[in-house]
Amino acid sequence: QVQLVESGGGLVQPGGSLRLSCATSVSVFSIRAMGWYRQAPGNEREFVAFITNAGSTNYADSVKGRFTISRDNAKNTVYLQMNSLKLEDTAVYYCNGLHATTYYWGQGTQVTVSS
């Protein structure tokens, strides 16, 4: 069983920044890929970014150039640095990890962008 725990959400003004963290209960090397998804009220959950255990990354078009996903192997933690936040980035952000053949999800952390 893999546990993923997100943190770092909060309230921020448009143009501001936040850094989300996702701590894993196992070595990040054992997780083939880790990603961030988000779900706004009334919307389906959507892909934001992912990083493989080889370090390859991919981003949704809506966040390219503003968000950066990274990994600290020593801390078994994946981060999502979010800059130039927009109102439409408001959502619950979920961490996702593929371990062996099973996808695991965190409980989510709320990000609210508001003036």
Phi angles of region 35-40, converted by Karplus (6.51 cos²θ - 1.76 cosθ + 1.60, θ = phi - 60°) into ³J(HN,Hα) in whole Hz with x for Gly and Pro, give x, 10, 10, 9, 9, 8
In region 3-109, what GluC sites (Glu not before Pro) fall in a loop by DSSP, with at most 13 other Cβ atoms inside 10 Å? E44
Using modelled amide H (1.01 Å from N, peptide plane; none on Pro or chain starts), what sits under 5 Å from the amide H of S25, excluding residues fewer than 5 places away? Q3
What residues qualify as long-range amide H neighbours of K86, i.e. H under 5 Å apart, gap of 5 or more or another chain, H built at 1.01 Å from N? G15
Residue by residue through region 18-26, the couplings from Karplus 6.51 cos²θ - 1.76 cosθ + 1.60 with θ = phi - 60°, in Hz, x for Gly and Pro, are 9, 10, 8, 10, 10, 8, 10, 8, 10
Using a 1.4 Å probe on the protein chains only, how many percent of the accessible area of the chain belongs to carbon and sulfur? 47 percent
Rg to Rh, two decimals, where the chain supplies the alpha carbon set and Rh follows Kirkwood: 0.95
Residue separation between S7 and N53 times 0.36 nm, minus their alpha-carbon distance, gives in nm 14.5 nm
What residues from region 67-83 fall in the zone where the backbone N is under 20 Å from a label point 7 Å along the Cα-to-C-beta line of V26? 71-79
Heads up, region 57-115 by the C-alpha gyration tensor (a ≥ b ≥ c square roots of eigenvalues; a/c under 1.5 rounded, else a/b over b/c prolate, else oblate) looks prolate
Calculated FRET value between Q107 and N73, using beta carbons and R₀ = 35 Å, to 0.05: 0.90
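The values are calculated or read from the model by the stated rules, or taken from the named source; none is laboratory data. Note that the structure is a prediction, hence the values are computed from the model and not measured. Note that each Cβ is placed from the backbone with ideal geometry, even for glycine, and that neighbours are counted across all protein chains shown. Protein only, heavy atoms only, side chains kept; ligands, DNA and RNA dropped before computing areas. Shrake-Rupley method; radii C 1.70, N 1.55, O 1.52, S 1.80 Å.
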